[in-house]
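Participant: Below is the structure I would like to discuss, written out as structure tokens.
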Amino acid sequence: MSKPAARCSAADALSDKGLLAKKIPGFAPRQAQQEMAMAIETVLAEGSTLVCEAGTGTGKTFAYLVPGLLSGKRLLISTGTKTLQDQLFKRDLPLVREALGLPVSIALLKGRANYLCLYRLELATQDNFLFSELKNIAHLAQIKDWSGRTRSGDLAELGDIPEDSMIWSQISSTADNCLGQECPQFRDCYVLKARRKANEAEVLVINHHLFFADMALSEEGFGELLPGVEAVIFDEAHQLPDIAANFFGTQVSSRQCLELCHDSLRAEQLEAGDCPAIGEQAKKLESTVKALRTAFGEVPERGGWHYLQRNQEFPVALEAMRNALKLLENSLGSIAERGASLESCYARSRELQTRLQAIVDQPPDGQIQWYELFKRSFVLHLTPLSVAERFHSYQSKQTRAWVFTSATLSVGELFEHFCAQLGLEAAQTRRWESPFDFRHAALLYVPPDLPEPRSQDYTRSLVRSALPVLQASQGRAFFLFTSHRALREAADWLEDAELPYPLLVQGSLPRAQLLERFRELGNAVLLGTGSFWEGVDVRGESLSCVIIDKLPFASPGDPVIEARINQLREAGGNPFHDYQLPQAVIALKQGSGRLIRDEQDRGLLMLGDPRLVEKPYGRIFLDSLPPMPKTRKLETVQRFFSLLQTAV
């Protein structure tokens, strides 16, 4: 660590003669970055609230890190994903800290399930049934070898094991199954070590999920996981409302129930070998959980409770599962005092019953009962339709400065929609456009003669319009979809078209591997949905075209969306303009933001939805995108790419 520098302003530190320019190779001063840093500096000093949007290329990470570190305040930074969290902690924060010459202590804290549990690893090595498959045996051997070397226990260090491997749940703990101080490995617990470092740090990096988990815990009267801080900065803040709704709701999943069954069997073997009733009840619960999954029948993958009320088999199967859970609780309760594992399973069985009752009973106003179905599992939900009042109440009790930032928070330069979702009534708002020259770097193409998006032939027609564009771009494209069904259909059409470029389809490989493959190939076409709309950064010529199939309106048939629409309508509001349209605008800004990631980038954005030019609200979408030339002529697209090739 270099010798601490004399205090300077954030704008000075980010100027052409400032500390960052002197210490960081390639650093280039940007006016928008300095203005943003000054605004955050003021908010940190005042202890007020700022909501700010910074377009791609503004350098918002440095714009909040510099004033944050210079403020001398104890700082909490929350990011949208664990990937961004790791990037901040391992790269950006140390870089800025060193440049500023400030001996600030920093720490990284993730949720419990992101750390190795030494006790559960020990149990896993004894579980011959779970790890009978060769791949699981190999993964377990890899984890055991790593466990002897790791200092943090952070499972992100194990990058070679697939994200969907069943082994993760067996070698990490959750709030449900953690034994706490009764754990034989408590003194060496990685979660405990991480929390100790977090309590000592001056700057703590977490993610939004952990923030709301902590907020929910503190509201229930328990001690906060996160230490007291003087300022909170949320990066990728556009994700906050949905994550908050998830954490403030109640869920019961088949996975939770089956893990309870498995852990109860383990507890019996370890601490109650003379009580076979536990094993019998656990197996009965397992059977009723599987029967309940079957009893859902032919219903949508996501739906409201009304779908289940039409099914006579579902309530019978649900009651059978509840009874089996109660019987397991009784068996565990009679001998729970024998050991920590039995006590933990007993507490979990009671908690699951409490959650299940809350979900099944008549919900309070402002909450929606719904379900999710997967191939072999299910999740039952009770979700609040708004988190504004709850978040506002929490924030108003904290004497902190608050900063909410993202590249996508405004709708037509206004922040009302985002602020209303979180109850940010007195927030200052600022917005900075991307410094990139979109007028010369990009072209927006809306193909002519496409049918209505609801047309059965829409995806086929879209692919036909996209083929000559992909030829002109020589591959090098993201093809983004608003549904998995459309993605699969387009993949089939593109394969039939024998596209002369490599085709990468979401689901064929883990997300990180797909992106790595895309970069390596240099001329691929990647088909993605959901997770590829944001948080993906591919710079250079390998991504020169982004095609988006439709305006990303959330499905009105989604149970939570449907309930929010009905609530707004009953309150006399306009669900489309007050909710559906703003949400879609922000989502489109995220998807289109994949194209230009660097000042040297050039590329085409193709939006396939004719509503952009045919509906009055299309102008709101267009006005929310960076200013770039627009065309409906394929010849203009072909000339655009031809000129790019000539320039190269």
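The values are calculated or read from the model by the stated rules, or taken from the named source; none is laboratory data. This is a predicted model, so every value here is computed, not measured. Cβ: placed from backbone, ideal geometry, glycine included. Neighbour counts: every protein chain shown.
Participant: Among Asn323, Asn311, which is closer than 18 Å to Ile359 by Cα and either in a helix (DSSP H, G or I) or among the basic types (Lys, Arg) (or both)?
Facilitator: Selected residue: Asn323, the only one of Asn323, Asn311 that is closer than 18 Å to Ile359 by Cα and either in a helix (DSSP H, G or I) or among the basic types (Lys, Arg) (or both).
Participant: Restricting to the stretch 602-626, name every residue that is surrounded by 14 or more Cβ atoms within 10 Å (Cβ to Cβ), out of contact with any Lys or Arg (no Cβ under 6 Å at 6 or more places or on another chain) and outside any helix (DSSP H, G or I).
Facilitator: Arg602, Gly603, Leu604, Leu605, Met606, Leu607, Gly608, Pro610, Tyr617, Leu625, Pro626
Participant: Just need a number here: residues in the stretch 339-371 that are free of Cβ contacts under 8 Å to residues at least 12 places away in the same chain and either within 16 Å of Cys261 (Cα to Cα) or outside the structural domain of Ala267 (by TED's automatic domain parsing) (or both).
Facilitator: Qualifying residue count for the region: 1.
Participant: Can you spot a residue in the stretch 255-272 that is among the polar types (S, T, N, Q) and without any contact (Cβ under 8 Å) to a residue 40 or more places away in the chain?
Facilitator: Yes, that holds for at least one residue.
Participant: Also, I was wondering about something else. So how many residues does the stretch 356-391 have that are crowded, with 16+ Cβ neighbours inside 10 Å, assigned to a helix (DSSP H, G or I) and within 27 Å of the chain's Cα centre (by Cα)?
Facilitator: 6
Every residue, every condition in (1) in contact (Cβ under 8 Å) with a residue 12 or more places away in the chain; (2) polar (S, T, N, Q); (3) in contact with a Gly (Cβ under 9 Å, 6 or more places away or on another chain); (4) more than 23 Å from Val446 (Cα to Cα), yes or no:
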residue	(1), (2), (3), (4)
Phe481	yes, no, yes, no
Glu489	yes, no, no, no
Asn523	yes, yes, yes, no
Leu526	yes, no, no, no
Glu534	yes, no, yes, no
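Participant: Next question. Of all residues in the stretch 62-87, count the ones that are part of a helix (DSSP H, G or I) and either within 30 Å of Leu158 (Cβ to Cβ) or of a type in the set (Asp, Glu) (or both).
Facilitator: 7
Participant: Just name the residue that is nearest to the chain's Cα centre (by Cα) out of those in the stretch 398-438 that are of a type in the set (S, T, N, Q) and in a loop (DSSP other than H, G, I, E, B).
Facilitator: Taking the candidates together, the pick is Thr408.
Participant: If you don't mind, there's one more thing I want to ask. Out of the residues in the stretch 170-222 meeting the condition of being among the basic types (Lys, Arg) and free of Cβ contacts under 8 Å to residues at least 40 places away in the same chain, tell me which one is farthest from Ala388 (Cα to Cα).
Facilitator: Arg187
Participant: Look at the stretch 623-648 and say how many of its residues are closer than 16 Å to Met606 by Cα, without any contact (Cβ under 8 Å) to a residue 12 or more places away in the chain and polar (S, T, N, Q).
Facilitator: Number of matching residues: 0.
Participant: Still on this structure, please answer the following. Looking at Glu489, Glu516, can you tell me which residue is under 22 Å from the mean Cα position of the chain (by Cα), of a type in the set (Asp, Glu) and over 21 Å from Ala587 (Cα atoms)?
Facilitator: Sole residue among the options that is under 22 Å from the mean Cα position of the chain (by Cα), of a type in the set (Asp, Glu) and over 21 Å from Ala587 (Cα atoms): Glu516.
Participant: May I pose another question? So, Ser461, is that one under 18 Å from Val446 (Cα atoms) and touching a Pro at 6+ places or on another chain (Cβ under 6 Å) or not?
Facilitator: Yes.
Participant: Consider Leu70 against the criteria (1) over 22 Å from the mean Cα position of the chain (by Cα); (2) surrounded by fewer than 22 Cβ atoms within 10 Å (Cβ to Cβ); (3) over 30 Å from Gln600 (Cα atoms); (4) of a type in the set (A, V, I, L, M, F, W, C): it satisfies all of them except one. Which criterion is unmet?
Facilitator: So Leu70 meets the others, but not (2).
Participant: Then there's this: Report yes if some residue within the stretch 559-570 is part of a loop (DSSP other than H, G, I, E, B) and modelled with pLDDT of 90 or more; otherwise report no.
Facilitator: There is no residue in the stretch 559-570 that is part of a loop (DSSP other than H, G, I, E, B) and modelled with pLDDT of 90 or more.
Participant: A further question follows. Condition first: in contact with a Phe, Trp or Tyr (Cβ under 7 Å, 6 or more places away or on another chain) and touching a residue at least 60 places away in the same chain (Cβ under 8 Å). Now tell me which residues in the stretch 539-581 satisfy that.
Facilitator: Within the stretch 539-581, Ser542, Leu543, Val546, Ile547, Asp549, Leu551, Pro559, Val560, Arg564, Leu581 qualify.
Participant: Let me ask something additional. Could you tell me which residue of the stretch 1-17 is modelled with the lowest pLDDT, considering only residues that are surrounded by 14 or more Cβ atoms within 10 Å (Cβ to Cβ) and within 15 Å of Leu69 (Cα to Cα)?
Facilitator: Ala5
Participant: Now for a separate question. Select, from Pro552, Pro468, the only residue that is closer than 19 Å to Met606 by Cα, in contact with a helix residue (DSSP H, G or I) (Cβ under 8 Å, 6 or more places away or on another chain), modelled with pLDDT of 90 or more and buried (at least 16 other Cβ atoms within 10 Å of the Cβ).
Facilitator: Exactly one residue qualifies, and that residue is Pro552.
Participant: Please find, within the stretch 472-504, the residue that is modelled with the highest pLDDT out of those that are at positive phi and surrounded by fewer than 21 Cβ atoms within 10 Å (Cβ to Cβ).
Facilitator: Gln474
Participant: Does Gly297 satisfy the condition of being surrounded by fewer than 19 Cβ atoms within 10 Å (Cβ to Cβ), in the same structural domain as Arg376 (by TED's automatic domain parsing) and on the phi > 0 side of the Ramachandran plot?
Facilitator: Answer is yes for this residue.
Participant: Which one of the conditions (1) crowded, with 21+ Cβ neighbours inside 10 Å; (2) free of Cβ contacts under 8 Å to residues at least 24 places away in the same chain does Leu422 fail to meet, given that it meets all the rest?
Facilitator: Just one mismatch for Leu422, condition (2).
Participant: Among the numbered conditions (1) hydrophobic (A, V, I, L, M, F, W, C); (2) over 21 Å from Cys419 (Cβ atoms); (3) surrounded by fewer than 20 Cβ atoms within 10 Å (Cβ to Cβ); (4) touching a helix residue (DSSP H, G or I) at 6+ places or on another chain (Cβ under 9 Å), tell me where Phe576 comes up short.
Facilitator: Answer for Phe576: the failing condition is (2).
Participant: Here's another thing I want to ask about it. I want to confirm something. Restricting to the stretch 82-136 and keeping residues that are within 30 Å of Val229 (Cα to Cα) and modelled with pLDDT under 85, which single residue is surrounded by the most Cβ atoms within 10 Å (Cβ to Cβ)?
Facilitator: Step by step, filter the stretch 82-136, then rank; the result is Lys82.
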